[in-house]
1. Listed residues Ala47, Ala74; which is at pLDDT below 95 and in contact with an Asp or Glu (Cβ under 6 Å, 6 or more places away or on another chain)?
2. Tally up the residues in segment 132-151 that are assigned to a loop (DSSP other than H, G, I, E, B) and under 16 Å from Ala115 (Cα atoms), please.
3. Would it be correct to say that Thr72 is exposed (fewer than 10 other Cβ atoms within 10 Å of the Cβ) and of a type in the set (Ser, Thr, Tyr)?
4. Of the numbered conditions (1) of a type outside the set (A, V, I, L, M, F, W, C); (2) under 23 Å from the mean Cα position of the chain (by Cα); (3) crowded, with 18+ Cβ neighbours inside 10 Å, Lys8 satisfies every one except a single condition; which is it?
Amino acid sequence: MANTTTTKTVTWTRGLNTIHAGQPLDTNGKPVMDNTAVGIVAEDLHAPDRTATVITAGEWDESVNAPYFHITDAVKRKLIGIEFTPAPAIPESAYVLITDLATVDSVGVVKQAAAVADAESSPTQEEFNGLLEALRDAGIIAAPEAPEQTEE
């Protein structure tokens, strides 16, 4: 089945630089995820381009938009002219449970580093070392190895 398309002019909002393929749009060309949708964007659109090709009827493979968002059931009920092919489910075996802290050699859980005050000018050695200590304590960077002691 061939897709039926139209074009919509998109008004970019602050902080929005890309509208991904599959994103529902309303009649004003605004990205939505509710029953005001009139179609879905056929291909990625990047600012400052403003003209989006919008699918209003036909077929859509949701694996295209799966890395970015999930099209809601409200949108699918509204866009009855589009047949949505669901993205394949990710098997549970593909997930990795990480419970240990990260090390230099292995991925792990990393906690948030402690707050470090902003420097008023060039950081002092004390401020810089405070930042390094916060990163080490959070497990983000490793502690340096102690220099080897030599006997004299």
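The values are calculated or read from the model by the stated rules, or taken from the named source; none is laboratory data. Remember, predicted model here, so these are calculated numbers, not experimental data. Note: ideal-geometry Cβ built from the backbone for every residue, glycine included; neighbour counts use all protein chains shown.
1. Ala74 is the lone residue from the list that is at pLDDT below 95 and in contact with an Asp or Glu (Cβ under 6 Å, 6 or more places away or on another chain).
2. Residues meeting the conditions: 4.
3. It is false that Thr72 is exposed (fewer than 10 other Cβ atoms within 10 Å of the Cβ) and of a type in the set (Ser, Thr, Tyr).
4. (2)
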